[in-house]
Amino acid sequence: MSPSLTLDWTPVCALDRLDPDRGVAALVDGVQVAVFRAGGELYAVDNLDPVGGVYVMSRGIVGSRAGTPTLASPLHKQVYDLRTGRCLDLPGVALRRHEARCRDGLVEVRLRQEE
């Protein structure tokens, strides 16, 4: 099944409060998300580590692999593609990715829901 977007954008924080290559955790419509600014782009993924089963991805390590923006889990160091959520180390494992944007200086997130 393909994911669908919710209709509402939720303000998370001011863009200038989001340090480059550092994550913040936010509660968006009851879902914990991790939001990042990396390479001039905004990314949002579930804060739940799919391998460790705990909410820690906002504390992950931002980097890159072959030009791909990545996030390494702070627990077991699995590396995820921030653009797609796909784990680059474990086939079949992924973080749910959400839409993120900056509007009027505010970072906003719109959840992707599984259909």
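Does GLY105 count as touching a residue at least 12 places away in the same chain (Cβ under 8 Å), surrounded by fewer than 18 Cβ atoms within 10 Å (Cβ to Cβ), under 19 Å from LEU18 (Cα atoms) and touching a strand residue (DSSP E or B) at 6+ places or on another chain (Cβ under 9 Å)? The answer is yes for GLY105.
If you check SER58 against the conditions, is it small (Gly, Ala, Ser) and in a strand (DSSP E or B)? Criteria not met by SER58. Pairs only if they're at least six apart or on different chains, beta carbon under 9 angstrom, first in the stretch 2-27 and under 21 Å from TYR55 (Cβ atoms), second modelled with pLDDT under 95 and among the acidic types (Asp, Glu); list them, first residue then second. The qualifying pairs are PRO3/GLU114; PRO3/GLU115; THR6/ASP29; THR10/ASP29. Inspect all residues belonging to the stretch 84-100 and state whether any of them is part of a loop (DSSP other than H, G, I, E, B), more than 12 Å from the chain's Cα centre (by Cα) and within 20 Å of ASP16 (Cα to Cα). Checking the stretch 84-100: not a single residue is part of a loop (DSSP other than H, G, I, E, B), more than 12 Å from the chain's Cα centre (by Cα) and within 20 Å of ASP16 (Cα to Cα).
Every condition in (1) touching a helix residue (DSSP H, G or I) at 6+ places or on another chain (Cβ under 7 Å); (2) in a strand (DSSP E or B) is met by PRO74 except one, and the failing one is (2). Would you check if ALA26 is surrounded by 15 or more Cβ atoms within 10 Å (Cβ to Cβ) and small (Gly, Ala, Ser)? The answer is yes for ALA26. Filtering the stretch 77-102 to residues that are in contact with an Asp or Glu (Cβ under 7 Å, 6 or more places away or on another chain), surrounded by 14 or more Cβ atoms within 10 Å (Cβ to Cβ) and more than 21 Å from GLY67 (Cβ to Cβ) leaves only ARG96. Residues that are charged (D, E, K, R), part of a strand (DSSP E or B) and over 18 Å from ARG86 (Cβ atoms) within the stretch 24-52 comprise just one, ARG37. The residues of the stretch 66-76 that are exposed (fewer than 13 other Cβ atoms within 10 Å of the Cβ) and farther than 17 Å from LEU48 by Cα, listed by number, are ALA66, GLY67.
The values are calculated or read from the model by the stated rules, or taken from the named source; none is laboratory data. Everything numeric here is computed off the predicted structure, so don't read it as measured data. So basically every Cβ, Gly included, is an ideal-geometry build from the backbone, and we count neighbours across all protein chains shown.
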